[in-house]
Amino acid sequence: MLSFYRIIKFGLQDIARNAWLTVVTITILLLALFSINTLVTVRLISDNAVGAIKEKINISLYLKPDTIESEILALRDRLASSDKIKSVVYVSKQSALDNFREKYQNNQQILAALKELGRNPLSPSLTIIPEDFSQSNLLINELKMLDSPIIESRDFSDNTVILNRINSITKRVNEIGLFIIAIFIITSLLVVYNAIRVAIYTHRQEIEIMRLVGASNYFIYLPYLFSAFIYALLSVLIVIAVFYPLLSLLQPYLEVFFMGYNVNILSYFVDNFGLIFGAQFLVVLVINEVASLFAVRRYARV
């Protein structure tokens, strides 16, 4: 217990005596961790954006205005039996008119023009939601071949371009982010290595005395490895203290952007707190300990 106490004491003394170097080391580790968490956040936002667009993907079949409802329902049930279709929603002429009026409720010119017609110009429709987005092209081809006398027109809105663009941007951000993280990891290794080297140089006379009185490598090395542990712990705690307030500021903007969808980045980080920051602490700890071990094995041989 006495040796353990002295190891912790010497480790904390090294950190205090080289305060500016400690600040620089923790700052580099903070930048690396902040880059990692930013990359995770961008990935989550991208996944939610893709999910939101996929939920909006639908195919509409516009039917002839004079079609009787029983024929429409029969076609709906026929389509719903397909394994490529998640659901089919029947929108009547009146529902289509109500939706149109609600959509343009602030545009009096359009509403006035609609009133001038004196009739409902909209057609009933069937809105088809694919079961699997990856099979939507196959579904569209099948619907193009669908032969029904009550179908007046088809609307195959293609959201593939938007999704591909989001995926492309996300891929590019991930590549840049991984490159930046790699630079920070290499920099962290060098900075921690240098910090331990400076600490050893500062205590070179004490290390020499320890050697003369028979101190083991275990007792000489561990204070510096403990310093590396403190660097990792402080950097993770600080990034937690900084990142969560930033997420709290970002969340209201995401809720507005993804209005109508359950997108909560802050909740994700809270629910997966142990997994996210535990893994980051372990990674930073391994990096620090490896750099420290190389430094002490090379420079602590007094």
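Report ³J(HN,Hα) in whole Hz for each residue of segment 77-92, in order, from the Karplus equation J = 6.51 cos²θ - 1.76 cosθ + 1.60 where θ = phi - 60°; Gly and Pro get x.
Working through the residues one at a time gives 5, 5, 5, 5, 6, 6, 6, 8, 10, 7, 7, 10, 10, 8, 10, 6 Hz.
Through the Karplus equation 6.51 cos²θ - 1.76 cosθ + 1.60, θ set to phi - 60°, convert the phi angles of segment 22-32 into ³J(HN,Hα) values in whole Hz; use x for Gly and Pro.
5, 4, 4, 4, 5, 4, 5, 5, 4, 4, 5
On a full-extension model of 0.36 nm per residue, what is the gain between R172 and V23, subtracting their alpha-carbon distance, rounded to one decimal in nm? Mind showing how you got there, number by number?
On the way: separation 149, 0.36 × 149 = 53.64 nm, distance 3.20 nm.
That works out to 50.4 nm of additional length.
So who's got an amide H within less than 5 Å of the one on E131, skipping anything under 5 residues away but keeping other chains? H placed 1.01 Å off N, in plane.
Distant-sequence amide H within range of E131: I85, K86.
What residues qualify as long-range amide H neighbours of E152, i.e. H under 5 Å apart, gap of 5 or more or another chain, H built at 1.01 Å from N?
Counting only residues 5 or more places away or on other chains, the set is Y62, L63, K64.
So, in nm, how far is label V42 from label S70 when the simple model puts each one 7 Å beyond its Cα toward the Cβ?
In this crude label model, V42 to S70 measures out at 6.0 nm.
How charged is the neighbourhood of L61? Take every other residue with its Cβ under 13 Å from the Cβ of L61, and add Lys/Arg as +1 and Asp/Glu as -1. Walk me through the numbers on the way to the answer.
Details: positive: K64, R76, R78, K144, R154; negative: E71, E142, D147, E152, D155.
Around L61, the charge tally is 0.
Subtract the Cα-Cα distance of S92 and L275 from 0.36 nm times their separation in residues, and report this length gain in nm to one decimal. If you can, show how the numbers build up before the last one.
Working: separation 183, 0.36 × 183 = 65.88 nm, distance 4.91 nm.
Value of the extension gain: 61.0 nm.
Among 224-230, 95-101, how do they line up from the highest to the lowest mean number of other beta-carbon atoms within 10 Å?
Working: 224-230: 22.0, 95-101: 14.3.
Sorting 224-230, 95-101 by mean packing, highest first, produces 224-230, 95-101.
Taking 8 Å as the Cα distance limit and 6 or more residues as the minimum spacing, I'd like the relative contact order of segment 58-158 as a percentage. Show your work: numbers first, answer last.
Working: 129 pairs, mean separation 52.3, N = 101.
The normalised contact order for segment 58-158 reaches 52 percent.
Every read-out reported here was derived from the displayed coordinates using simple, explicitly stated rules and does not represent laboratory data. These figures come from a predicted structure and were not determined experimentally. Note: ideal-geometry Cβ built from the backbone for every residue, glycine included; neighbour counts use all protein chains shown.
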